[in-house]
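Shown next, in structure tokens, is the structure this report addresses.
The values are calculated or read from the model by the stated rules, or taken from the named source; none is laboratory data. Treat the numbers as computed from the prediction; the structure is a model and nothing was measured. In this analysis, Cβ positions are derived from the backbone assuming ideal geometry, glycine residues included, and neighbour counts consider all displayed protein chains. What goes into the accessible areas is simple: the full protein's heavy atoms, side chains included, and nothing from ligands, DNA or RNA. Shrake-Rupley method; radii C 1.70, N 1.55, O 1.52, S 1.80 Å.
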Amino acid sequence: MPSSEGLILDATALIDFCWLGEWEWLQQQYSPLFIAQEVLDSDRLELATRQAATQYLEPLVLDTEEMFLSFIELRVSSPLLSEADRSTLALARHRFLLCVSDDSRMITVCEEYGIAYIRMLRLLSQMVQSGHRTVEEVIVMADTLITDRGKWIAATILKNC
């Protein structure tokens, strides 16, 4: 798998980081940080989330024919993905970006297309490994995402972390 040229967040990861406020750590570990313009254009984003995205993430657009063709291909092969998700995946694929997502459909496509990805819980565990947070702090953060944000994490994912 090619090395990563930065990190791109899907909408779910964007919302998670808005809840946690760990932007500085993410920038230190993974810069540059990107978001698909289609995610920012979504009318489903709350204003505070959109503002955080524009403050911490650089918006990217599909700017090559290859990216656009991947976007179209994903519409056919994965019709349940949103336009924003397809754009995020096409950008990650062609710019060699590490895709942050917990969406099972996104993960499946990443695996099928050889797109590097990382889940939110893995990022939380890396906060501990890097010395940024303690295990106890990360457990509180995960609990916040699950309890307050309403994030659902499959038991198999929790077991593997």
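Below is a table of values for the structure above.
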read-out	value
Per-pair calculated FRET efficiency, R0 = 35 Å: residue 125 and residue 80 via Cβ, rounded to 0.05	0.75
Förster radius 30 Å - calculated FRET efficiency between residue 149 and residue 31 (Cβ-Cβ, nearest 0.05)	0.75
Per-bin percent of Cα-Cα distances, the chain [5 Å]	2, 9, 19, 22, 21, 16, 8, 3, 1, 0
Heavy atoms of residue 78: accessible area, 1.4 Å probe, square angstrom to 10	20
Label-point gap, in nm, between residue 139 and residue 105 - each point 7 angstrom along Cα→Cβ	3.5
Solvent-accessible area, 1.4 Å probe, carbon plus sulfur percent, for the chain	51
Loop-located GluC sites (Glu not before Pro) in region 1-51 whose Cβ has at most 12 other Cβ within 10 Å (DSSP)	46
Å² of accessible area per residue within the chain, as computed with a 1.4 Å probe and no ligands counted	54
